[in-house]
Structure formats: structure tokens, C-alpha cells
Amino acid sequence: MDFSLSQDQQMLVDLCEKIAQGFEDSYWQKIDEEYGFPREFWSTLVEQGILGITIPEEYGGSGLGMVEMCLAAEALSSNGGDCGGMFVGGPVFGGCLINGAGTPEQKAKYLPGIVKGELWAGAFTEPNSGSNITTIRTEARKEGGHYLVKGQKMYISNIKVASHIGIMCRTSPYDPARRTDGVSLLVGDLPGPGIEARPLKKMGSHFMDTNAVFFDDFKVPQENLVGEEGKGWKALYAVLNPERLAIAASCIGTGNYLIRKAVQYASERSIWGKPLATHQGLQFPLAEARIQLECARLKVYEAAWLYDQGRECGVQATSAKYAAAHASLYAADRAIQTLGGAGYISESGVERHYRNLRLNRIAPVTDEMTLNYIAQHDLGLPRSY
């Protein structure tokens, strides 16, 4: 078992670290305060070819694997860059979906644009369906060479900046006996008539807009159906594990970044005549946070390796996301505690990450649904929902 990186992988890590180091806390703080999209950061990722890591070379990408995507996400986040959600917005929702489930024509149409920085939104969740996508009510009917989409989606990010949107919808009525049948996945182009986004104010991740989205006969060409009609679940599988792994890798990087911030502060701040770092009451929680992050990190790369081998990795990817979300949030909490009052102040560059990381225990899959999945698919227990 070899844990060393290849020369090319190490060069990728070094490049991503260098990119992230070019954007200081003040940059991200301004983005957070203004609810803006980090266009300069995103443009740099485009210029350096980071967004095309897993896209085949024939479409302008690097043709690398999920391990390399995770290495990039971790390296960018380990230097303060908020990139987890953005990786999902481009290389995952767009790249992994189309590369994994799209037709040759769809690949030629969409993949080069993702390499060049086109963002995607994913319209999957609805107000009354939550994690149970089989009960969605958004419908699509055929008319004149198009699907006309009608319905509502909730908690949909990147609408303001996205060029395309993946939509899970019903193309035939719900059948309790075959719950996943009748759900199709369509790709719509943005902006366009028939779609309205209403922004939602939220706790963190201000660099991504999040919205309630309403479709009113939103037109999608029939050739933009991804996979088979009524079998959209199969197309969605191309996204689920990569999404969880990109988020998990970003969590690991952010958690380690926050530990470094805490260690630096504790080493420089003195009280009662000696540095804070000499007190075990601060040392032990930071050491515990590091252990949790490193254990989660191993699970991330095990799952990514399995994915690249074409092997089943659902349990590993889901476990990795759960472990990384918990470990990074604990690291953020301990970083704030180490900095004390300074950690609670925005200028510290710590509290922002705490707010952002809290999302990852809810999305892209909740803790509770994760435990349901592991209990059923790893432990062999009866389905509980």
C-alpha cells in the first residue's frame, strides 16, 4: 500500500497551494460580507486548468481522476480558499454528470465550457421532498421538441452565475411500487424565460447564492435529456459520490488551515508570562482535531481511489463526507476557542469558516441519511425509512 504522491500529483498540490496563497483572508472576508462570487479566484482556477482535472483531454481537460480532484480541493482549502461548493458547481454538477451519463453530443457541447469556467446549478431538492427525490412534484411535459418544466425547487445554489442547470423532474406519474421510475434529468440553459429565483438569506457560504427556484413552462430541448427518460436516478449516480468526495476533501483542507491558525495564535499570544500554546487545555483539543481530520482524510482518498478503479465506493464516499464534515467543524470550533474573543470577531478569518462548514452536516446529504445508508448498506440492517 503506497501513500506517496506521484510527481505530477505533487505538482498539482503545489500549484493549488500557490493559487490559494495568492488570495488572503481579506479577499474572502470581503466576498463574505458582500455576498459576492469570487470571480478573481475562479478565473485563476480556469487559467491554471484546475476545473478540467477530471474532464477527458479531447474536451480540453487533463483526463485525471477523482484522487486528483480531491487533492486539488484539499490543497486550495488548506490555504483559506472556500472551494468545496464551487468545485461541485462546475466540475461535479457539470463535468461528472455529463462525462458519466451524457451522450457524445452532450459531452462535445458542455465539457469544453466547464474547463473554461462555466458554472452549473443542480435543481434536485424540493420544499416537500427533501432527501426523498422520488417524491418530487416538478413535472416536465413534451411539446414541440422541448420539455416544458413546471414546479418549484428549494435551496438551489449558483443560479446567479450558472450557465446551465440540471433539473430532476417527473416525466411520468409517481408509482409507489416503482418509486424511482418516472424521474428524468434535464439540462437547461441559463438565463432564460420561465425560471425565477428568489434569494434566501443564510448562515454561511455567502460566496454562493442560494435560492427558491420556480419553473413556469421553462423550455428544455428534448436532446438535453441526460440518460434515459424516466431513469434519471442512474444519471444522478454520476454526481453523488464525486460531490461527497469534493466536499469532504475541502473540509479536510479547511480544518487543517484552521488548526494552523490556532497554533500560530496560541504560540504568539502570552498570558501569565508564557505562551497559550504551553497549556495542555489548548494543546489536547487541537491534537484531537488533527487526529480526526487525518482519519477522515484516509477515508476520502480510499473512496477516491476506489472511484478511479471503477469500483463501488458509495459506503466509503458517504463515510468520508460524514467524518470530514464532523472533523472540520470540530477543528473550527476549537480554533475559535483557542483564539477566544478574537476568534468570534470576523477579522480573525475563523468564524466565517465555522459558519461555512456547518452546512456540510446537512448537505449534500444529512448526517441522519448518512447513518441510514451506512446501517443498511454496510451493516446489513433493515431499511429504516
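The values are calculated or read from the model by the stated rules, or taken from the named source; none is laboratory data. All values derive from a computational prediction rather than experimental measurement. Reconstructed Cβ throughout: ideal geometry from the backbone, glycine too, with neighbour counts over all protein chains shown. Surface accessibility is based on the protein's heavy atoms, side chains included, excluding ligands, DNA and RNA. Shrake-Rupley method; radii C 1.70, N 1.55, O 1.52, S 1.80 Å.
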With equal scatterers on the alpha carbons only and no solvent term, can you work out the Debye log10 of I(q)/I(0) for the range 247-385 at 0.09, 0.13 1/Å?
-0.32, -0.61
Given q = 0.14, 0.18 Å⁻¹, what are the Debye log10 I(q)/I(0) values for the range 309-385, with equal point scatterers placed on the Cα positions and solvent ignored?
-0.56, -0.75
For the range 267-273, what does the Karplus curve 6.51 cos²θ - 1.76 cosθ + 1.60, with θ = phi - 60°, yield as ³J(HN,Hα) per residue in whole Hz, taken in order and with x for Gly and Pro?
6, 8, 8, 10, 8, 6, x
Given contacts defined as C-alpha pairs under 8 Å and at least six residues apart, what's the relative contact order of the range 75-231, whole-number percent?
24
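Please give the net charge around Ala325, taking every other residue with its beta carbon less than 11 angstrom from that of Ala325, where Lys and Arg add +1 and Asp and Glu add -1. Intermediate results must be reported in sequence, preceding the final value.
Numbers: positive: Arg244, Lys321, Arg358, Arg361; negative: Asp367.
Residues near Ala325 contribute +3 overall.
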Along the range 190-195, Karplus-curve 3J(HN,Hα) (6.51, -1.76, 1.60; θ = phi - 60°) to the nearest Hz, with x for Gly and Pro, reads 10, x, x, x, x, 9
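Quick check: at a probe of 1.4 Å, how many percent of the accessible area of the chain sits on carbon and sulfur atoms? The partial results should precede the final answer.
Details: 9160 of 17580 Å².
Result for the chain: 52 percent of the exposed heavy-atom area is carbon or sulfur.
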If you take every residue apart from Arg260 with its C-beta less than 13 Å away from the C-beta of Arg260, what net charge results, scoring Lys and Arg +1 and Asp and Glu -1?
0
Between the range 270-332 and the range 143-182, how far is it from one alpha carbon centroid to the other, in angstrom?
36
Would you work out the relative contact order for the chain, in percent, from Cα pairs under 8 angstrom that are 6 or more residues apart?
16
Out of Tyr385, Val239, Pro173 - ranked by how far each Cα lies towards the positive end of the dipole of the chain, with unit charges on the beta-carbon of charged residues - the top one is Tyr385
Among residues other than Phe214 whose Cβ falls under 14 Å from its Cβ, what is the net charge (Lys/Arg +1, Asp/Glu -1)?
-1
With a ≥ b ≥ c taken as the square roots of the eigenvalues of the C-alpha gyration tensor of the range 188-239, please select rounded if a/c is under 1.5 and otherwise prolate if a/b is larger than b/c or oblate if it is not?
oblate
Among Gly117, Phe215, Gly65, the residue whose Cα sits farthest towards the positive end of the charge dipole of the chain, when +1 is placed on the Cβ of each Lys and Arg and -1 on the Cβ of each Asp and Glu, is Phe215
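Going by a ≥ b ≥ c, the root eigenvalues of the Cα gyration tensor, does the range 121-223 fall in the rounded group (a/c under 1.5), the prolate group (a/b larger than b/c) or the oblate group?
On the way: a/c = 2.32, a/b = 1.29, b/c = 1.80.
Oblate is the answer for the range 121-223, as a/c is 1.5 or above yet b/c matches or exceeds a/b.
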Once the whole set of protein chains is in place, how much accessible area is left on Tyr385, using a 1.4 Å probe, in Å² to the nearest 10?
110
